[in-house]
Structure formats: C-alpha cells, structure tokens
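Notes for the one structure printed next.
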Amino acid sequence: MKTIKVSVVTPDGPVYESDVEMVSTKAKSGELGILPGHVPLVAPLEIGSVRLKKDGKTEFVAVSGGFLEVRPDQVTVLAQSAEKSEDIDVERALRAKERAEQRLREQKQDNIDFKRAELALRRAVNRITVAERKY
Amino acid sequence: MASLRDIKHRIASTKKTSQITKAMEMTSAAKWNRGVLNAKSFVPYMEKIQEVTTSIALGAGGVTHPMLTHRPIKKTGYIVITSDRGLAGAFNSNVIRRVHQTIQSRHKSNDEFAIIAIGRVGRDFFVKRGYNVVLDIVGLHDQPSFQDIKEITSTAVGMFADETFDELYLYYSHYISAISQQVTEKQLLPLTDISASAPHKLISYEFEPDAEAILEVLLPQYAESLIYGALLDSKASEHAARMTAMRNATDNAQELIRNYSLSYNRARQAAITQEITEIVGGAAALE
C-alpha cells in the first residue's frame with residue numbers, strides 16, 4: 001500500500017515521524033482525511049487528535065491547535081504542543097482539567113482569563129480522551 | 001611582607017574559590033550542551049513554519065494581515081532577553097547596553113516605548129532606570145519549554161495586534177560558538193523580512209478555508225516561535241558565556257595560588273635563614 005511521510009513538529013522538537021497510509025484529523029473547517037497523493041494543502045487545526053493509520057493499526061497524537069501542511073511527498077503538523085497517546089501524562093491532564101474547571105466557575109464569561117481557562121480545559125480534556133482512546 | 005600564616009590563609013581561600021568556579025564551569029558546560037541541543041531541536045519547527053509562512057505570504061498574492069503591514073509608529077515595544085543570574089562575564093551587560101543606547105538614540109520620552117523583560121538582570125536594570133516595563137518573566141528553567149513562555153509570547157504578540165505597540169523589537173544574545181556570542185537586534189513585528197528568506201521553490205497550496213484564515217492562525221504562531229527561538233539561542237549563549245567566564249576565573253585563581261605559594265616559600269626560607277643566623281650569632285657570642 002502506498003504510504004506518505006508524516007511528521008509532527010513542536011517547538012520542543014519533533015514528536016512523531018513515520019510513514020503512514022492515512023492521516024485524519026479535525027481542521028477548523030471540519031474533519032480532514034489525507035491519503036498519499038493529496039494536493040498541497042494548508043489548514044489550521046482544532047484542539048484534537050491526529051490519527052495515523054499504519055499497517056492496520058491506528059496511532060493517536062494529541063495536538064493543541066496549530067496547522068497541517070500537505071505536500072506531494074510529506075505531511076507536516078506544526079503545533080505548539082503535541083504528544084503521542086502513550087506519552088501523555090494523564091495525571092497532569094486531570095489536574096489541569098480540575099484547575100481549569102475551578103477557574104471557569106469563579107470567573108465571568110467575558111473575561112480574557114475565562115477564555116484562557118476554557119482553552120486550557122479543552123486541551124486537558126483532549127489529552128485525556130486521546131490517552132484513553134475513547135471516541 | 002605578609003606573615004606565613006596570612007599567606008597560608010590566602011592560599012586556602014583562593015583554592016576554595018577556584019573549586020567553586022571550577023564546579024560552576026562544569027555545570028555550565030553541561031547546561032550549555034543541553035542548551036545547544038534544545039536550540040537544535042527547535043530548528044526543524046522554525047524552518048518549517050518559516051517555509052509555510054513565506055509560501056503563503058508570497059504565494060497568495062494580495063493577502064493582507066495587520067502583522068504584515070507597517071503602520072505609523074506611536075509606541076515601540078522592546079523584548080529584552082537576559083539571564084536571571086550574573087557571573088556570566090559581559091553577557092548581560094552587552095545586551096543591556098545595546099538596548100539602552102538604542103532607546104536613548106531613538107526616543108525622546110519614556111512614553112514612546114515599553115519594555116518586555118525576560119530575565120531578572122534586564123528587568124532590574126530597566127525598572128531601576130524608571131523605564132516602563134510592561135511585562136516581565138523571571139525564574140525561567142534552564143531548559144525552558146515552549147509552555148513556560150507561551151503566556152508572555154502570546155501577550156506580546158497580542159499587544160501588537162491590539163495596537164498597544166506599533167512595532168516590536170527583539171534583543172538577545174545570539175549564540176555563535178562557545179567563545180563567541182553576539183548581541184542581535186531583530187524586528188519581530190510587523191513581519192517584514194519574510195520575502196528575504198524565500199525558499200528556492202514556492203509551492204502553491206490549497207487553503208482550507210482560505211489564506212486569510214490561515215494567516216490568522218499562522219502569523220501569531222510564527223511570531224511567538226521567533227521569540228521562543230531567541231530565548232533558546234540566548235540560553236545557549238548564557239551558558240557558554242558563563243562557562244568561559246568561570247574558566248577564566250579558575251585560571252586566575254590558579255595563577256594567584258602559584259604566586260602566593262612562591263611568596264609563601266620565600267617567606268618560609270627567609271624565616272629559616274633568619275633562625276640559623278640567630279643560632280650561629282648566639283653560638284659565636286658564647287665563644
């Protein structure tokens with residue numbers, strides 16, 4: 001089967017690099033599936049997971065936003081943070097979730113901190129779901 | 001001449017100092033290695049994001065974004081990256097001097113600019129001078145992760161977006177080699193040097209949903225990663241500078257110890273000679 005090279009890169013270094021059969025993820029404009037031979041494309045991503053299909057198995061990488069770049073020979077995900085599902089610190093994500101929920105309870109809706117807490121909550125929840133692979 | 005005991009004390013204390021500086025040199029060397037590695041692992045991200053930004057900004061003609069356009073300058077922001085601790089030779093003072101001179105020559109009043117300080121030394125300096133330090137972050141880890149400074153980078157970029165600043169400069173010490181670091185000034189925003197770094201061939205992308213929406217996400221991320229890159233660069237420089245400074249200090253201490261040992265031996269020999277002379281003198285007097 002044809003494969004395409006995929007790398008997930010963050011400021012702290014590359015997180016994932018491999019040849020896969022299919023990449024699927026959630027872009028701002030909706031679900032997106034990339035197969036080898038896709039036209040060059042750039043799309044911003046939602047906080048969510050990147051699913052990489054390889055030899056009948058699927059690997060998961062949690063990303064907090066960023067964007068996806070597709071070239072004829074390579075797919076690159078550039079995110080400010082990303083973790084492979086097995087590398088996620090669930091304990092930490094749970095703590096972050098609690099912190100964010102606490103803050104959301106305390107603050108008013110129009111506050112900047114509110115939005116920030118909301119994003120933090122979404123990131124934490126995303127990490128937890130990716131780590132537990134519940135979809 | 002100082003007494004034997006004094007010299008002995010001095011040798012002992014200098015030796016202790018040299019042990020400390022030696023230890024500091026070694027920890028700095030380890031941190032320096034890590035710092036250079038960190039800076040290296042950031043390179044792929046930076047290259048990639050630069051490539052995409054350039055392709056989009058140049059490829060999709062007619063795209064405009066506030067971060068790409070000049071506007072009349074009412075207020076300038078300076079991001080100054082220094083270290084938290086001293087004992088790194090001229091590392092901090094070089095950066096600070098450069099910023100200070102630039103500000104003196106460019107601005108007439110304190111209202112025309114504001115400073116964002118990363119690192120305690122820089123912050124303290126500018127606060128003491130009564131400059132307007134709007135944001136500061138101190139106590140950063142030696143191997144900072146992107147999350148550690150995410151807040152300051154997004155606030156800084158946000159302040160440009162909401163027109164608190166009309167331009168944003170970045171000052172840091174660029175790492176060239178273990179013995180050479182150079183203070184660098186970089187215009188962060190508006191992003192003007194994008195076309196200068198154009199790759200060899202531009203790929204024409206499809207945009208999902210469109211180029212403007214992507215720039216909206218991409219440009220802040222690009223600007224933020226520039227700040228992070230500068231910080232990593234500065235950390236590598238800091239440890240290299242401290243390593244060199246501590247090596248010099250250790251060498252100086254060794255030199256001092258050598259001199260002291262020489263005068264110690266001289267003083268001891270002089271004392272012995274004097275004792276012999278006294279004994280001989282005493283014996284001669286008895287005859």
If we only count strands (runs of 3 or more DSSP E) wholly inside segment A:1-104, which ones have 1 or more residues that are over 19 Å from residue B:41 (Cα atoms)?
A:4-10, A:13-20, A:22-27, A:30-34, A:41-54, A:57-64, A:67-70, A:74-78
Mind checking which residues of segment A:59-86 are surrounded by fewer than 16 Cβ atoms within 10 Å (Cβ to Cβ) and touching a strand residue (DSSP E or B) at 6+ places or on another chain (Cβ under 8 Å)?
A:73, A:74
When you go through B:54, B:64 one by one, which is the residue that is in contact with a helix residue (DSSP H, G or I) (Cβ under 9 Å, 6 or more places away or on another chain) and not in a helix (DSSP H, G or I)?
B:64
Tell me, yes or no, whether segment B:181-188 has at least one residue that is over 30 Å from residue A:63 (Cβ atoms) and crowded, with 21+ Cβ neighbours inside 10 Å.
yes
Answer yes or no as to whether residue A:39 is of a type in the set (A, V, I, L, M, F, W, C), loosely packed, with under 14 Cβ neighbours inside 10 Å and within 9 Å of chain B (Cβ to nearest Cβ).
yes
Is there a residue in segment A:66-78 that is more than 10 Å from chain B (Cβ to nearest Cβ), in contact with a Phe, Trp or Tyr (Cβ under 6 Å, 6 or more places away or on another chain) and on the phi < 0 side of the Ramachandran plot?
no
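Laboratory data are not the source of any read-out in this text; all were calculated from the coordinates shown. None of the values given here were measured: they were computed from a predicted structure. Cβ sites come from the backbone with ideal geometry, for glycine too, and all protein chains shown count toward neighbours.
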